Amino acid sequence: MVGTVPFVWAGIEFNHRVLNNEGFGTSLNRVFFAWPDDDDDDELNNNNNNNTIVLGKSALSLAYLLFGSAFLITAISIISITTSAKPIF
């Protein structure tokens, strides 16, 4: 269970940065998430200045899908460990 702490921290930090529109990465290469009105994510990368990359809805959806699957796998593992039979010895 101690190994889940970094993943929980990463999930909280990810949500904080996305909700506050803060960037990811170093000052040389920044990545932001944007939500355009249309579904064309390629238009977002045409407005790059100072090595800034803007990702659209599909990238954000994939990130939340990965965090959700990691949470589900961790929950199943914890439930499996806590409900398993105790060793006899």
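Close amide-amide hydrogen proximity is noted between Val54 and Phe32, each under 5 Å apart and 5 or more residues distant or on a separate chain (H modeled in the peptide plane; Pro and chain starts excluded). For the stretch 77-87, the Karplus equation 6.51 cos²θ - 1.76 cosθ + 1.60, evaluated at θ = phi - 60°, returns couplings of 5, 5, 5, 5, 5, 6, 9, 6, 5, 6, x Hz by residue, with Gly and Pro reported as x.
Each value in this text was obtained by applying a stated rule to the coordinates, not by laboratory testing. Quantities reported herein were computed from a predicted structural model and do not represent experimental measurements.
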